[in-house]
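Participant: The following block contains the structure, expressed as structure tokens.
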Amino acid sequence: MTLERCGALWGRAAYFRREARVGTYIIRRFFLMLLTLFGISLLIFTMLRLVPGNIADIVFNAAGMIDVAEKAKLEKELGLDRPIPVQYVEWVSGLARGDLGYSYVSEKPAIDEILPRIPITAKLAGLALLFAVTFGVPLGVISAVKQNTTLDYVLRVISLSGLSLPSFWLGLLILMAFVAYFGAIPIYTNPPKGFWNTLWLFSIPAMAVGFRSSALIMRLTRSSMLEVLRQDYIRTARAKGAPARTVNYRHALRNALLPVVTVIGIEAAFLMGGLIVTETVFNIPGVARFLVEAIRWRDYPIVQNLVMFVAVVAVSINFLIDLLYAVLDPRIRYAS
Amino acid sequence: MNTKLGALALVTFAFATLMFAQAGEPKHGGILRIYHRETPPSLSIHEEATFSVNTPAMGLYNNLVVYDQHKPQNSMGTIVPELADSWSASSDNLALTFRLHQGVKWHDGQPFTSKDVKCTFDLLQGKAKDKFRKNPRKDLFNNIVEVTTNGDFEVTLHLKRPQPSLIAMLASGYTPVYPCHVSPAQMRTNPIGTGPFKFVEFKQNESIKLAKNENYWKKGLPYLDGIEFTIISNRATAVLAFVAGKVDMTFPTEMTKALIADIKKQDATAICEIGPINVSTNLIVNRENPPFNNVEVRKAMALALDRKAFIDIIYQGAGDVGGTMLPPPEGVWGMPAELLKMIPGYGDVQKDREQARAIMTKLGYGSNNPLKIKVSTRNLASYRDPAVVLIDQLKTIYIDAELDPVESSQWFAKVARNDYSVGLNLTGNGIDDPDQAFYENYACGSERNYTHYCNKELEALFDKQSVETEVEKRKKMVWDIDKKLQEDVARPILMHARSGTCWKPYVKNMTIMSNSAYNGYRYEDVWLDK
């Protein structure tokens, strides 16, 4: 066997070892994800039962009366009188079978209540994220490249206002402006029909939400870019005569993106379940508003399953980001 | 020539028709769009105790009798027949017989008969095989011994004692007739009625949709093709939606004086009405534990109240001072102003407070040694805001109070456990009738008698006024009872709030009830002039 052949075999073996390491990395992350979800299920189930009152309390409270016998009957009917561990096991085994139980309030299958709301929130979150990334990343790069210029100052003020303005206030201002100048109001009263109608209905609240996210992404991109632009390899790239565009976008941005990707992931997870105020102001019947209402009614099947859904989304996004890290940063790939 | 004459006649006819239509001839068609302030718990009126349910659900049902939907003040004189064509009382007033309208059908096509009426009262009294999940008004019908039917179209309510105001309870939006053949569970999720509108869908946090009942037994009604309630929980968004024309009407009695001014500024054509809703803000005092087991402390507290200040601060003057019963002119049974002034705490505030301070000093309290208490209330703005004003007023008589906001779901449980010293509460009355107000809130052992006030002598007077058939005579008896309740500091009434409703000028035949927020939502002859 020649030395070259040996070298080639060694290289191949090293390649397979690396691949195997990446595979282990993915499997480990996946099992960590399952463990996290199990922890969340325990946490949400316990916390929900620690909150004072259950559906029976709320139902009678709404009627301004307490009828102990009728209340006990309702608790029995809904299975709330059984030991908490039994309730937990029943819920989790139901989840495994795809049976999410029945909403205590609407008395309909929880799946039928939850499923129609997910696409609504997904559309809003998707558009908001698109807006945030489309504006946040390029403006962050420009702000860093043009550091300490008038443009940089203007962009920093805009981003600061994006972070400071509460989204409900911004949302209301937008609605008031629409009513005052156009005599129309972009709120959800009926499911939109067609692509353009949907886009019109969701783009305004998406902008209200996306403004904050884009400000966050922009500031992070800027600081990350500034750090990278001071690195030796950027100086080297400039010294060898690479055009500014190539240096900024090919060499600097790719390396500056790691923390930005993390934040985009966190924002995506937040947008799927945290748009309570925006959904309320724009009257969007999405996941977050429904979740708050369900908590108010102590509608356990809805709250538990919705929180689990949001958790699955958040954990899955984190898992994808972990994978993306391995793609973007060879150090992570090799270290694993 | 003939053609010309014909054309002229046609034009004249068209013009006349147009003029007639403009003069107010109802038009058929259109969907009335109203915003709803919240997702109601269900659409089964009998199981709920909020007009968040009555507003969208009253159009699904009919009562035996109902308050005239176009007379704002509900009274015995405004009760009109509905499913009952007529009714009569026996000579001893112990039996009330209703002759029912024939040919009425439920939304699912089943015929309506006297059995349905019997089933409804059996359900309300817990005698039926099926049960309601909760039955908040079962006590109102305690006087009914039995319901009997005579054929398919006659039904008799047999009473323990004469009760003229029973008919008022039957006329309330809270007392629809339910079908025998539909279970209470189905009535919560997919209600079936005989009313002008049929249930289409109810999506939590989204909307409630009703469609015209094409086979409605009142010929030619309803005018509307349907009603759509869009649930908009954020009031600022809801007001903007109304101004922008996304909805035709605001949720009934949901607009404050300030909001109405804002709406009128943005849409001068909007029609807005403001009036009382028969909801009182009151104090509940735990008379079983010290120091409020001492009647003197309770009296001092009642003397410290400046009711006008509550109304001015919280409702910008849109409210009324009164006793248990809603004050006139909108209230039928409320005490007149001159009688109110005679009750301690309703006169000169400064003089009353002097007297209160004297009582407190005699009991050993003073500016250096104030009585420290907690004012508990539900953690909702409509409860919290008056509680804060109350705390400020109590300071003037050496009571140093701290706000104890209670999580909404725990409020009534806490009150039922007697786990409070002073509480601030809101009490809504489904009908403006003394029987409902007295028995529900002040009778010994009643579930809603939160303070456990129990005065057997006064309860005998409740019964006495209840059997009285002469309105003026009964009114005087009611005033005496109400005066005594205020003097006993049973549950001091702080104020009766007023609030408003707005609608677009093309919404016709809309009447807002002035002494109840629970009875005026049949909407069968509301029409849109579009």
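What follows is calculated from the coordinates using simple rules that are stated; it is not laboratory data. None of these values were measured; they are calculated from a predicted model. Because the Cβ atoms are built from the backbone with ideal geometry, glycine has one as well, and the counts that use them run over all protein chains shown.
Participant: Output the Cα-based Rg and Dmax of the protein assembly as shown in Å, rounding Rg to one decimal and Dmax to a whole number.
Facilitator: Reported Rg and Dmax, both Å: 33.1, 123.
Participant: Now, a different point. Tell me the relative contact order for chain B as a rounded percent, counting alpha carbon contacts under 8 Å between residues six or more apart.
Facilitator: Value for chain B: 22 percent.
Participant: Using the Karplus equation 6.51 cos²θ - 1.76 cosθ + 1.60 (θ = phi - 60°), what ³J(HN,Hα) coupling, rounded to whole Hz, does each residue of the range B:328-337 give in order, writing x for Gly and Pro?
Facilitator: Per residue, the Karplus-derived 3J(HN,Hα) values read x, x, 6, x, 7, 10, x, 5, x, 4 Hz.
Participant: Roughly how many whole Å is it from the C-alpha centroid of the range B:295-313 to that of the range B:463-514?
Facilitator: 21 Å
Participant: Taking chain A as a Gaussian network, where each spring joins two C-alpha atoms under 10 Å apart, which residue of A:F31, A:F168, A:F290 fluctuates the most?
Facilitator: A:F31
Participant: Taking θ as phi - 60°, what are the ³J(HN,Hα) couplings along the range B:395-407 by the Karplus curve (6.51, -1.76, 1.60), each to the nearest whole Hz, with x for Gly and Pro?
Facilitator: 4, 5, 10, 6, 10, 9, 9, 10, 6, 10, x, 9, 3
Participant: Now for a different question. Give me a single rounded figure for A:176-182: the average over its residues of other chain Cβ atoms within 10 Å of their Cβ.
Facilitator: 3
Participant: Hey, another quick one. Please give the helix A:300-328 orientation as an angle from the longest Cα principal axis of chain A, in degrees from 0 to 90, rounded to the nearest 10.
Facilitator: Result, in degrees: 10.
Participant: Determine the dipole magnitude for chain A: charges of +1 sit on the beta-carbon of Lys and Arg, -1 on that of Asp and Glu, nothing else is charged, the reference point is the Cα centre, and the result goes in debye to the nearest 20.
Facilitator: My answer is approximately 1920 debye.
Participant: For chain B, just list the percent of Cα-Cα distances falling in each 10 Å bin from zero outward, please.
Facilitator: Pair shares across the bins are 4, 17, 26, 25, 17, 7, 3, 1, 0, 0, 0.
Participant: Then there is this: Ranked by Cβ crowding within 10 angstrom, fewest neighbours first, how are B:I260, A:I111 ordered?
Facilitator: Sorted ascending by nearby Cβ count, the order is A:I111, B:I260.
Participant: Around B:L64, which amide H atoms from residues at least 5 apart in sequence, or from another chain, sit under 5 Å from its own amide H, with H modelled in the peptide plane?
Facilitator: Residues meeting the criterion, in which the H sits 1.01 Å from N, are B:L83, B:V177.
Participant: While we're here: Pairs B:K341/B:K372; A:K73/B:K129; A:K193/B:K209; B:K299/B:K374; A:K71/B:K127: which exceed 20 Å Cα-Cα?
Facilitator: Beyond 20 Å between Cα atoms: B:K341/B:K372.
Participant: Please order A:T280, A:T246, B:T149 by the number of other Cβ within 10 Å, starting at the fewest.
Facilitator: A:T246, B:T149, A:T280
Participant: With axes computed from alpha carbons, what is the tilt in degrees of helix A:3-50 against the longest principal axis of chain A, rounded to the nearest 10 within 0 to 90?
Facilitator: So the helix axis and the longest Cα principal axis differ by about 30 degrees.
Participant: Run the helix sum for chain A: -39,500 (n - 2.57) per DSSP H stretch of 4+ residues, divided by residue count, reported at 222 nm to the nearest 500 deg cm²/dmol.
Facilitator: That comes out to -26000 deg cm²/dmol.
Participant: Another question, then. In terms of the Cα gyration tensor, with a ≥ b ≥ c the square roots of its eigenvalues, is the range A:50-139 rounded because a/c is under 1.5, prolate because a/b exceeds b/c, or oblate?
Facilitator: Cα axes put the range A:50-139 in the prolate bin.
Participant: Follow-up. Which far-off residues, 5 or more places away or on another chain, put their amide H under 5 Å from the one on B:E154, with H placed in the peptide plane?
Facilitator: Residues meeting the amide H criterion: B:L100, B:S114.
Participant: So what's the net charge close to B:G195: Lys and Arg +1, Asp and Glu -1, counting the other residues with Cβ under 9 Å from its Cβ?
Facilitator: Residues close to B:G195 contribute a combined charge of +1.
Participant: Charges only on Cβ, +1 for Lys and Arg, -1 for Asp and Glu: so what's the dipole of the protein assembly as shown about the Cα centre, in debye to the nearest 20?
Facilitator: Roughly 3860 debye for the protein assembly as shown.
Participant: Now, a different point. Give the cross-link partners of B:K456 among the aspartates and glutamates, using a straight C-alpha distance below 20 Å as the criterion and excluding same-chain residues fewer than 8 apart.
Facilitator: Partners found: B:D139, B:E288, B:D435, B:E440, B:E447, B:E468, B:D480, B:D482, B:E487, B:D488.
Participant: For the range B:398-530, rounded, prolate or oblate, judged on the Cα gyration tensor with a ≥ b ≥ c (square roots of eigenvalues), a/c < 1.5 rounded, else prolate if a/b > b/c?
Facilitator: Note, shape of the range B:398-530 comes out oblate.
Participant: Could you please rank A:Y104, A:Y25, B:Y35, placing first whichever residue has the fewest other Cβ atoms within 10 Å of its Cβ?
Facilitator: With the sparsest Cβ surroundings first, the list reads A:Y25, A:Y104, B:Y35.
Participant: Which ³J(HN,Hα) values in Hz, rounded to whole numbers, follow from the phi angles of the range A:260-270 under the Karplus curve 6.51 cos²θ - 1.76 cosθ + 1.60, where θ = phi - 60° and Gly and Pro get x?
Facilitator: Karplus values, whole Hz, x for Gly and Pro: 5, 4, 4, 5, 4, x, 4, 4, 4, 5, 5.
Participant: Rounded to the nearest 5, what % of the DSSP beta bridges within the protein assembly as shown are antiparallel ones?
Facilitator: Taking every DSSP beta bridge within the protein assembly as shown, about 75 percent pair in antiparallel fashion.
Participant: Here's something else I'd like to know. When the convex hull of the C-alpha atoms of the range B:166-293 is computed, what volume per residue in Å³ does it have?
Facilitator: Measuring per residue, one finds 231 Å³ for the Cα hull of the range B:166-293.
Participant: How tilted is helix B:114-124 with respect to the longest principal axis of chain B? Cα atoms for both, answer in degrees (0 to 90, nearest 10).
Facilitator: Taking the Cα atoms of chain B, the angle to B:114-124 is about 20 degrees.
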